[in-house]
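Heads up: the structure comes next, in structure tokens.
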Amino acid sequence: MGRMFIGDVAKKLDLNPRTIRYYEKIGLLPKAIRTDSGYRIYSSDTIYRLEFILKAKGLGLKLEDIKEIIDIHNRGEVPCPCTTAFLNNKISEIDEKMDALSALKIKLTKLLKPARSKTTQGTICPIIEKV
């Protein structure tokens with residue numbers, strides 16, 4: 001694949017070039033090699049790293065978590081225990097959100113059961129005002 005300019009990388013991975021520059025700025029990506037005219041040049045290693053970042057984001061990990069995983073890897077250590085902890089935390093967050101959504105669904109269903117479509121004077125919508 002050789003070396004690619006930022007626009008080529010962005011197009012290949014369906015990213016905005018600003019995103020790639022931001023990832024470089026916050027340390028998710030190593031500093032790009034620059035041409036004499038200042039253009040960033042990326043290698044297949046950078047593509048691989050970006051693909052990893054996109055996969056991790058797809059699992060719901062935050063950029064700071066992804067950076068920690070990459071930093072552990074860069075120190076020559078195995079980041080899997082850290083990754084497992086992050087993913088378990090994500091599962092807990094999802095469970096909490098699902099519980100909150102289930103409670104909201106029950107509340108909404110109860111509100112809609114009785115026919116309350118008539119508005120009385122001084123009300124906007126009795127369904128919402130009864131909450």
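The values are calculated or read from the model by the stated rules, or taken from the named source; none is laboratory data. In this text, all values refer to a predicted model and were calculated from it rather than measured experimentally. Backbone-built Cβ (ideal geometry, glycine too); neighbour counts: all protein chains shown.
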**OP:** Just give me the residues in the range 54-65 being among the acidic types (Asp, Glu) and surrounded by 12 or more Cβ atoms within 10 Å (Cβ to Cβ), in sequence order.
**Re:** ASP65
**OP:** Go through LEU61, LEU29, LEU111, LEU101 for me and flag whichever is in contact (Cβ under 8 Å) with a residue 12 or more places away in the chain and out of contact with any Ser or Thr (no Cβ under 9 Å at 6 or more places or on another chain).
**Re:** LEU111
Subject >> All positions within the range 77-91 that are over 17 Å from the mean Cα position of the chain (by Cα) and surrounded by 14 or more Cβ atoms within 10 Å (Cβ to Cβ) >> reply: PRO79, CYS82
Subject >> ARG40 being of a type outside the set (A, V, I, L, M, F, W, C) and touching a residue at least 24 places away in the same chain (Cβ under 8 Å) >> reply: yes
Original post:
What single numbered condition from (1) at positive phi; (2) more than 21 Å from the chain's Cα centre (by Cα) fails to hold for LEU112?
Top reply: (1)
**OP:** Output the residue which, of all residues in the range 25-53 that are of a type in the set (A, V, I, L, M, F, W, C) and within 17 Å of GLY7 (Cα to Cα), is surrounded by the most Cβ atoms within 10 Å (Cβ to Cβ).
**Re:** LEU50
Original post:
Is there a residue being modelled with pLDDT of 95 or more, of a type outside the set (Ser, Thr, Tyr), in contact with a helix residue (DSSP H, G or I) (Cβ under 8 Å, 6 or more places away or on another chain) and over 14 Å from ALA10 (Cα atoms) anywhere in the range 41-50?
Top reply: no
**OP:** Test each condition in (1) touching a residue at least 24 places away in the same chain (Cβ under 8 Å); (2) of a type in the set (S, T, N, Q); (3) under 30 Å from ILE91 (Cβ atoms) for THR46 and report the one that comes out false.
**Re:** (3)
**OP:** Please find, within the range 68-127, the residue that is nearest to LYS57 (Cα to Cα) out of those that are assigned to a helix (DSSP H, G or I) and of a type in the set (Asp, Glu).
**Re:** GLU68
